[in-house]
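A.B. asks: Quick one: this structure, given as structure tokens, is what I'll be asking you about.
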Amino acid sequence: MNEADQGLQKALVKMAAKSGLSEDKLSKIVSEETEKMIPAFADDIFTDCKARLPEMVNEYAELEARFRERNYSRWKEGFDLLQMLIVTSHEAGGAVYNDEKKRAEEKNDLKLGALASLHARAVLVSREIFCLLKGGFPDGALGRWRTLHEIAVVATFLSRNSQLVSKRYLAKRHVIAFEAAKQYREYEKQAGLEPFGDIEFQRLSDIKEAVVSEFGFEFSKGDWSWAKPELSGTATFFQIEKAVGLDHWRPRYKWACADTHGNYRPPNAMLGVSENRGLVLLAGESNSAMADPAQMMAISLAIATSALMTAYPTIDRLAMTKVMDKICDDIANTFTRLGPETLKEYRRKRRINKSNSLL
């Protein structure tokens, strides 16, 4: 209970004694009057917040800039290697697409388009993860890695299988688009959305029916049905992981899911507080525990890049996959070393500062 509520409670007791009304009756009257006052009170607070906005923005911008400087200083060697990996992957993947695009168009090679699209997304998500790490959000980076892992797994699966699988993968978007349109229509009034046009809805329905007619009724069921011809049993992401030998990432994938969903997580279970000795409810930046999400990002980006390179192999491209493996090894070794090394140095300096303050 804050000071305003405490003051109101005391006033109620005094007013009840003087008026002869019961405390409950008086409380009801005051509650009704208070509800009328709250909008004006909220307006005053909002006006005050807006007035202080420039000061607040400048203050937090300075705090964030100083944190980023400290964070980069601690992990510089590793961050620089991550940047090197992202740029290498981006340039290598772009070169493959540019070199193969004309041939793919002539031969109706759908695999190139699918793999190039996935690779571009892998680079984009890797950049997002990199920004989260530099910004001091290792748990956010871990959660974003989940998407990167899915991209890497799907890219590897498409790379190793036929053109038909890539065709099914690309066609699945029409089923997903129609299901999204149905859901949009279901909630458009409740959510205050613009009505979904009948003509566009029918167009999406016709396209969806056409691809289902081509690939069979089961194609419309489940998110991963496009992979069914190459899998036994129900098509799931886990089955695709197993098919390409990446199911050993499953524990880390489940770990990353914990940062995606709303399940309860004990405060000290988060990466950002892993170096703290006390209980911390983290609500901001941390320069702790960058090693795991950084290494996981590096490996998954390398896998997604390799999927594109090995689908259209040349000596240069295969050599580049080995180069990226070496960068990944360097990243792993660097981050693994930097974590305990920099923490030990920080605690040493802190002990010295405490000792000096007692002199």
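A.B. asks: For the range 224-239 and the range 288-359, what is the separation of their Cα centres, given in Å?
C.D. replies: Between the Cα centre of the range 224-239 and that of the range 288-359, the gap is 33 Å.
A.B. asks: Follow-up. For a Förster distance of 22 Å, can you work out the FRET efficiency between the beta-carbons of PHE238 and ARG68, rounded to the nearest 0.05?
C.D. replies: 0.05
A.B. asks: Another one. Aspartates and glutamates within cross-link reach of LYS111: Cα-Cα under 14 Å, excluding same-chain residues under 8 positions apart?
C.D. replies: By straight Cα distance, LYS111 reaches GLU100.
A.B. asks: Sorted by average packing, counted as other Cβ atoms within 10 angstrom per residue and highest first, what order do 150-159, 201-210, 116-125, 164-173 take?
C.D. replies: On the way: 150-159: 24.7, 201-210: 14.5, 116-125: 21.0, 164-173: 18.8.
Highest mean packing first, the order is 150-159, 116-125, 164-173, 201-210.
A.B. asks: Now a separate question. Hey, what do the phi angles of the range 110-122 turn into as Karplus ³J(HN,Hα) couplings, whole Hz, using 6.51/-1.76/1.60 and θ = phi - 60°, x for Gly and Pro?
C.D. replies: Computed from phi, the couplings for the range 110-122 are 7, 5, 4, x, 5, 5, 5, 5, 5, 5, 4, 5, 4 Hz.
A.B. asks: Just need the relative contact order of the chain here, percent rounded to a whole number, with Cα pairs under 8 Å and 6+ apart.
C.D. replies: RCO, the chain: 23 percent.
A.B. asks: Next up: Can you grab the distance from the C-alpha centre of the range 158-195 to the C-alpha centre of the range 257-273, Å, no decimals?
C.D. replies: 30
A.B. asks: May I ask for the net charge around ILE240, where only other residues with Cβ less than 15 Å from the Cβ of ILE240 are counted and Lys, Arg are +1 while Asp, Glu are -1?
C.D. replies: Net local charge, ILE240 excluded: +2.
A.B. asks: Relative to the first principal axis of the alpha-carbon coordinates of the chain, what is the inclination of helix 291-311, with its axis defined by its Cα atoms, in degrees from 0 to 90 and to the nearest 10?
C.D. replies: Compared with the principal axis, the helix lies near 30 degrees.
A.B. asks: Still on this model: Could you grab the relative contact order for the range 110-267? Cα pairs under 8 Å, six or more apart, rounded to a whole percent. Mind showing how you got there, number by number?
C.D. replies: Values: 126 pairs, mean separation 41.2, N = 158.
The value is 26 percent.
A.B. asks: Sort 67-74, 128-135 by packing, meaning the average of other beta carbons within 10 Å per residue, with the highest value first. Could you put the intermediate results ahead of the total?
C.D. replies: On the way: 67-74: 14.8, 128-135: 19.9.
Per-residue mean Cβ counts within 10 Å order the peptides as 128-135, 67-74.
A.B. asks: What FRET efficiency, computed as 1/(1 + (r/R0)^6) with R0 = 51 Å and r the Cβ-Cβ distance, is obtained for LEU231 and ARG277, rounded to the nearest 0.05?
C.D. replies: 0.60
A.B. asks: If you don't mind, there's one more thing I want to ask. Return the FRET efficiency for the residue pair ASP316, GLU77: r is the Cβ-Cβ distance, R0 is 30 Å, and the value is rounded to the nearest 0.05.
C.D. replies: Using R0 = 30 Å, I get an efficiency of 0.60.
A.B. asks: If you don't mind, there's one more thing I want to ask. Comparing ILE327, ILE86, ILE29, which has the greatest mean-square fluctuation in the GNM of the chain with Cα pairs linked when under 10 Å apart?
C.D. replies: Residue with maximal mean-square fluctuation among ILE327, ILE86, ILE29: ILE29.
A.B. asks: For the chain, what is the mean residue ellipticity at 222 nm derived from helices alone (per DSSP H run of n ≥ 4: -39500 (n - 2.57); sum divided by total residues; nearest 500 deg cm²/dmol)?
C.D. replies: The per-residue figure over the chain is -27000 deg cm²/dmol.
A.B. asks: Once label points are set 7 Å from the Cα along Cα→Cβ at both GLU35 and ASN353, what is their separation, rounded to one decimal in nm?
C.D. replies: With each label placed 7 Å out from Cα toward Cβ, I get 5.2 nm.
A.B. asks: Can you return the lysines within cross-link range of LYS76? Criterion is Cα-Cα under 23 Å, with same-chain partners fewer than 8 residues away left out.
C.D. replies: Leaving aside lysines fewer than 8 places away in the same chain, those within reach of LYS76 are LYS134, LYS326, LYS344, LYS349.
A.B. asks: Tell me, what is the Rg over Rh of the range 133-292, with Rh the Kirkwood radius over Cα pairs?
C.D. replies: Values: Rg = 20.4 Å, Rh = 18.8 Å.
Rounded to two decimals, Rg over Rh is 1.08.
Bear in mind these aren't lab numbers, they're just calculated from the coordinates by the rules spelled out. Note that the structure is a prediction, hence the values are computed from the model and not measured. Positions of Cβ are generated from backbone atoms using ideal geometry, with glycine treated the same way; all protein chains shown enter the neighbour counts.
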